[in-house]
Each structure stands twice: as C-alpha cells, then as structure tokens.
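Novice: Sending over a structure as structure tokens; questions will come in a sec.
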Amino acid sequence: MRAVRELHAPSRPELRQLVATHIRDLVARRSARRARRGAVANRHQVSARYIQTLFEADGTTFTGYVRDQRLAYAHHMLSNAAFAGHSVSAIAFDAGFGDLSHFNRDFRRR
C-alpha cells in the first residue's frame with residue numbers, strides 16, 4: 001500500500017478499482033492462511049503459535065506445508081490416467097490453488 005501511495009493513486013477509475021481489488025485479495029489470502037492455521041490448532045487443542053513453532057523447527061512454515069501437500073495432490077492427479085480428461089486449471093483448483101499462475105509458478109519451482 002505504501003508503494004501505491006508513493007506512486008500516487010491511479011487517476012483512471014478502472015485502475016483504482018483494480019488496485020483496490022488486488023489489495024483486498026492480498027488481505028483475504030493472509031487472513032485465510034491465519035484462519036487455516038487457527039483451525040488446525042483448535043482441532044489439535046494447541047495454540048496457533050505452537051503450530052508455527054513446530055513447522056519452524058522442521059525448517060518450513062505451515063503455509064509451505066499446505067502448498068507442498070497441494071502440489072503433491074496436483075502431481076498425483078496430473079500423472080494419473082484416471083484424471084486424463086481434466087484440464088490443468090481444473091486440477092489446480094481441485095488441489096486448492098485459487099490462482100492458476102500461482103500454481104504454475106509453484107509447480108515449476110517444485
């Protein structure tokens with residue numbers, strides 16, 4: 001948000017709307033990650049901080065673990081003949097990715 005302020009808000013209404021939507025999406029993703037970690041902590045009757053500490057001790061994060069599990073599931077589907085009729089985007093969304101470009105980048109990196 002600081003960058004938007006420093007660069008001055010776009011003058012065209014459609015660009016202002018695009019920037020606002022993007023910022024809301026970023027905040028929602030962060031809130032969703034926090035809520036997911038909290039749900040796991042509640043399910044196991046521990047604190048969210050304890051969950052975070054366990055993953056840090058393993059050299060990863062809760063978010064990284066979830067991403068890796070989603071990538072493994074997507075890889076399974078992509079390499080399984082039973083899913084041959086499914087598009088890559090359908091598989092990515094089924095695996096829990098909300099953004100196809102994010103999935104493509106993470107999948108290639110992995």
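Novice: Quick check: anything in region 76-84 out of contact with any helix residue (DSSP H, G or I) (no Cβ under 9 Å at 6 or more places or on another chain), within 23 Å of residue 31 (Cα to Cα) and part of a helix (DSSP H, G or I)?
Specialist: Our first condition is that a residue be out of contact with any helix residue (DSSP H, G or I) (no Cβ under 9 Å at 6 or more places or on another chain); within region 76-84, this holds for 79-82, 84.
Adding the requirement that they be within 23 Å of residue 31 (Cα to Cα) leaves none.
No, region 76-84 has no match at all.
Residues are listed down the side, and each one gets a yes or a no for (1) under 24 Å from residue 109 (Cβ atoms); (2) hydrophobic (A, V, I, L, M, F, W, C); (3) without any contact (Cβ under 8 Å) to a residue 12 or more places away in the chain:
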position: 34; (1), (2), (3): yes, no, no
position: 40; (1), (2), (3): no, yes, no
position: 49; (1), (2), (3): no, no, yes
position: 65; (1), (2), (3): yes, no, yes
position: 68; (1), (2), (3): yes, no, no
position: 76; (1), (2), (3): yes, no, yes
position: 80; (1), (2), (3): yes, no, yes
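Novice: Mind listing whichever residues of region 85-110 are of a type in the set (Gly, Ala, Ser), more than 19 Å from residue 33 (Cβ to Cβ) and assigned to a helix (DSSP H, G or I)? Write out each step before concluding.
Specialist: Initially, region 85-110 is screened for residues of a type in the set (Gly, Ala, Ser), giving 85, 87, 89-90, 92, 95-96, 98, 101.
Next, from what is left, pick out any that are more than 19 Å from residue 33 (Cβ to Cβ): 85, 87, 89-90.
Passing the criteria: 89, 90.
Novice: Now for a separate question. Select from region 87-99 the residues that are surrounded by 14 or more Cβ atoms within 10 Å (Cβ to Cβ) and more than 17 Å from residue 64 (Cα to Cα) and list them in ascending order. So that I can check it myself, show each step before the final result.
Specialist: Kept after step one, since they are surrounded by 14 or more Cβ atoms within 10 Å (Cβ to Cβ), are these residues of region 87-99: 88, 91-97.
Selection gives 88, 91, 93, 94.
Novice: Now, a different point. Working only within region 44-65, note down all residues that are hydrophobic (A, V, I, L, M, F, W, C), more than 12 Å from residue 34 (Cα to Cα) and out of contact with any Phe, Trp or Tyr (no Cβ under 7 Å at 6 or more places or on another chain). Spell out the reasoning first.
Specialist: Taking region 44-65 as the starting set, the residues that turn out to be hydrophobic (A, V, I, L, M, F, W, C) are 46, 48, 51, 54-55, 57, 62.
Checking the rest, the ones that are also more than 12 Å from residue 34 (Cα to Cα) come to 46, 54-55, 57.
Listed by number, the residues that qualify are 46, 54, 57.
Novice: Sticking with this one: Before we move on, is residue 9 exposed (fewer than 12 other Cβ atoms within 10 Å of the Cβ), in a loop (DSSP other than H, G, I, E, B) and at pLDDT below 65?
Specialist: Values: exposed (fewer than 12 other Cβ atoms within 10 Å of the Cβ): yes; in a loop (DSSP other than H, G, I, E, B): yes; at pLDDT below 65: yes.
Yes: the conditions hold for residue 9.
Novice: If I ask for residues that are assigned to a helix (DSSP H, G or I) and within 23 Å of residue 31 (Cα to Cα), which ones from region 58-75 would you list? Spell out how you get there, then give the answer.
Specialist: As a first pass, look at region 58-75 and keep what is assigned to a helix (DSSP H, G or I): 62-75.
If the condition is that a residue be assigned to a helix (DSSP H, G or I) and within 23 Å of residue 31 (Cα to Cα), then 62, 63, 64, 65, 66, 67, 68, 69, 70, 71 are the ones that fit.
Novice: Could you tell me which residue of region 66-82 is farthest from residue 39 (Cα to Cα), considering only residues that are more than 17 Å from the chain's Cα centre (by Cα) and loosely packed, with under 15 Cβ neighbours inside 10 Å? If you could, list the steps in order and put the result at the bottom.
Specialist: Looking only at region 66-82, we keep the residues that are more than 17 Å from the chain's Cα centre (by Cα), and these are 76-82.
Right, trim to loosely packed, with under 15 Cβ neighbours inside 10 Å and you get 76, 79-82.
On the way: 76: 26, 79: 31, 80: 31, 81: 34, 82: 32 Å.
This residue is 81.
The values are calculated or read from the model by the stated rules, or taken from the named source; none is laboratory data. Source: prediction; values computed, not measured. For neighbour counting, all protein chains shown are included, and Cβ atoms are generated from backbone atoms with ideal geometry for every residue, glycine included.
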